[in-house]
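Asks: Pasting a structure below so you can have a look.
Derivation of every value follows stated rules applied to the coordinates shown; laboratory data play no part. Predicted, not measured: the structure shown is a model, and the values here were computed from it. Glycine gets a Cβ as well: all are built from the backbone with ideal geometry, and neighbour counts include every protein chain shown.
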Amino acid sequence: MPTLPTLFTMRVVGAALGLVAASLAAPAALAADYPTKPVTLVVPFPAGGITDSVARLIAKELSASWKQTVLVDNRPGASGTIGTAAVARAPKDGYTALFTITSHVQLPALQPKLTYDALKDFEAVSQVALSSSILAVSPSFPANSVKELVAKLRAEPDKHAYGSYGIGTTSNIYGELFKKEAGVSLAHVPYKGAAPVVNDLVGGTLNIAFVDVGTAMPFLKTGKIKPLAIIGTRRSNLLPAVPTFQEAGLKGFEPYAWMGILMPAGTPADRVQQMAAEVNRIVKDLAMHQRLTEMNVEPVASSPAEFAATLRKDSETWKRVIELGGVKLE
C-alpha cells in the first residue's frame, strides 16, 4: 500500500501530466474550432475589377469548404490604403483578412507617410495568382517590336505619349522605367483604370500603353492590340509568343504583379496556417486552376513563409524601380 508521501507525489505528477496534455490539446482544439463565425475578406478596390472577381471566387470556395460565410467587403479609396488600413487595425482573431495586390508593397515608396507598415502590420497568408503586364501599341502604329518602337520614339522626340491606368499604378511605374531604360521621351496620359486605356488603344486615340494581360486579352486575341513585350523573368504561358523585356535588352521589368491574402499582425499562427492551407487546396484544384487561367491570371499556391519572403523581396525591388523611374504620387 502506497505511503502518504508517495500518494501525494503520484497526484502531483498526475496533475502535471494532465496540464501538459491539456496545453497540447488546446492549439488543436483552437484550430479545429476555426472558423465559428463569418470571415470578412476586405478588397481595398472597387467591385467589378479582376482583383474583386478573383477574391469573390476564393471567398465562395472557402464558404463551401468551411460551411461558414466568407464575405467580400469592398473598401476602395486612396489607392487602396483605406481598406488596407482598416485591416491593419482589425481584431487579430483570424476573422478579417486582406485580399490585395502588388501595390501593397509599392505604396511605401510612393507614399512615405502611410498610417500602417506594409510588412510589419500584416501576416502573410498566401499568394493566389500572378498578373502580367504588357507594353502594347495600337494596330496601326508602325512598330512591331520594342526595338522598332524605341527607334521610332528617338526619331520623333516629344511627339508621342503612353497611357497608364493612373498615377502611381504599376503601369505608370513601368512607363517611367521604360523611358529611362530606353532613353526616350514620352508624355504620360493617366486614365482612371485599365479598361479606358485599352478602349483608346483599340480605337487609335492612344498609340502606346502599359496594360495588364487580363484586361487586354480579348483584344489581343482579335488582333486589335499589338503586344511588344511582357514583364517577368520568363515568357508567360498566357502569351508564349510575346518576348520579355529582358529579351529586348531592357532591365527592371522582372517583378511580377500578384494577388494575395494577408491578416493583421498578431493573428494566431494556427489560424493563418489554416486559411493558407485551405486557400492552397482551392487554388491547386484542377477546376479552379482552369477558371483562374481563363481569367488571364496564373494560379499560385504558396505558404505563409514563402509569401512573406516574396513581400520582403518585392518591397525592396519595387522601391528601386520606383526610384529609378522617378515616379511620385501627386
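Asks: For the stretch 133-230, give the magnitude of the charge dipole about the Cα centre (Cβ charges: +1 Lys/Arg, -1 Asp/Glu; no others), in debye to the nearest 20.
Replies: Details: 10 positive and 7 negative charges, 31 e Å.
Once rounded to the nearest 20, the dipole reads 140 debye.
Asks: Calculate the FRET efficiency for THR115 and LYS192 from the Cβ-Cβ distance with a Förster distance of 22 Å, rounded to the nearest 0.05.
Replies: 0.35
Asks: How far is it, in nm, from the label point at THR317 to the one at LYS221 when both lie 7 Å from their Cα along the line to the Cβ?
Replies: Modelled inter-label distance: 2.9 nm.
Asks: If you don't mind, there's one more thing I want to ask. Need one number for the stretch 277-330: average projected area of the convex hull over its C-alpha atoms, nm².
Replies: Hull-based average projected area comes out at 5.4 nm².
Asks: A further question follows. If amide hydrogens are placed 1.01 Å from N in the peptide plane, which non-local residues have theirs closer than 5 Å to the one on ARG75?
Replies: The answer is VAL43, PHE45.
Asks: From the backbone phi of the stretch 114-123, what are the Karplus-calculated ³J(HN,Hα) couplings (6.51 cos²θ - 1.76 cosθ + 1.60, θ = phi - 60°) in whole Hz, Gly and Pro given as x?
Replies: 5, 7, 9, 9, 4, 9, 6, 8, 9, 9
Asks: Might you report the magnitude of the Cβ-based charge dipole of the chain about its Cα centre, with Lys and Arg at +1 and Asp and Glu at -1, to the nearest 20 debye?
Replies: My answer is approximately 140 debye.
Asks: Report the full-extension gain for the segment GLU294 to ASP33: residue separation times 0.36 nm, less the Cα-Cα distance, to one decimal in nm.
Replies: Stretched fully, the GLU294-ASP33 segment lengthens by 90.5 nm.
Asks: Separate question: In the chain, what % of DSSP beta bridges are antiparallel (nearest 5)?
Replies: Close to 60 percent.
Asks: Pull up the cross-link candidates among the lysines for LYS60, meaning alpha carbon to alpha carbon under 16 Å and not fewer than 8 places away within one chain.
Replies: List returned: LYS37, LYS284.
Asks: Here is a further query. Suppose every K and R has +1 on its Cβ and every D and E has -1 on its Cβ; what is the size of the dipole of the stretch 233-330 about the Cα centre, in Debye to the nearest 20?
Replies: Taking the Cα centre of the stretch 233-330 as origin, the dipole is about 120 debye.
Asks: Here is a follow-up. Sequence-distant or interchain residues sharing an amide H contact under 5 Å with LEU228, placed H: which?
Replies: LEU135, ALA136, VAL137
Asks: Next question, about the same structure. Starting from the Cα of ASN237, move 7 Å in the Cα-to-Cβ direction to define the label point; list residues of the stretch 296-330 whose amide nitrogen is under 16 Å from there.
Replies: The answer is 296-302, whose backbone nitrogens lie closer than 16 Å to the label point.
Asks: How far apart, in nm, are two points set 7 Å out from the Cα along the Cα-to-Cβ line at ALA309 and at ALA161?
Replies: 4.4 nm
Asks: Here's a follow-up. Using only Cα atoms, find the angle between the long axis of helix 194-203 and the longest principal axis of the chain, and express it within 0 to 90 degrees, rounded to the nearest 10.
Replies: 20 degrees
Asks: Looking at the stretch 133-230, send over the antiparallel percent of its DSSP beta bridges, to the nearest 5.
Replies: Antiparallel bridges: around 60 percent, rounded to the nearest 5.
Asks: Have a look at PRO299, PRO240, PRO35 and tell me which one the Gaussian network model of the chain (Cα, springs below 10 Å) gives the largest fluctuation.
Replies: Ranking PRO299, PRO240, PRO35 by mean-square fluctuation puts PRO240 first.
Asks: Could I ask something else about it? How far, in nm, would the chain grow between ASN144 and LYS251 when pulled straight, counting 0.36 nm per residue and subtracting the alpha carbon separation?
Replies: Length gained, ASN144 through LYS251: 36.5 nm.
Asks: Give me the lysines in straight-line cross-link reach of LYS328: C-alpha distance below 29 Å, same-chain residues under 8 apart excluded.
Replies: Those lysines meeting the cut-off are LYS113, LYS120, LYS147, LYS152, LYS159, LYS179, LYS180, LYS192, LYS226, LYS251, LYS313, LYS319.
Asks: Taking H placed 1.01 Å from N in the peptide plane, check which residues at least 5 places from SER164 or on another chain put their amide H under 5 Å from its amide H.
Replies: VAL189, TYR191
Asks: Could you work out how much longer the chain between ALA47 and ARG89 gets when fully extended? Use 0.36 nm per residue separation minus the Cα distance between them, nm to one decimal.
Replies: Taking 0.36 nm per residue and subtracting the Cα distance, the gain is 12.9 nm.
Asks: In whole percent, what relative contact order does the chain give with Cα contacts below 8 Å and a gap of six or more residues?
Replies: Numbers: 595 pairs, mean separation 81.2, N = 330.
Relative contact order, the chain: 25 percent.
Asks: Relative contact order for the stretch 133-230: what is it in percent, counting Cα pairs under 8 Å that are at least 6 residues apart?
Replies: 45 percent
Asks: OK, next. Can you compute the radius of gyration and Dmax for the stretch 133-230, using only the Cα atoms, both in Å?
Replies: Computed over the Cα atoms of the stretch 133-230, radius of gyration and Dmax are 11.9, 32 Å.
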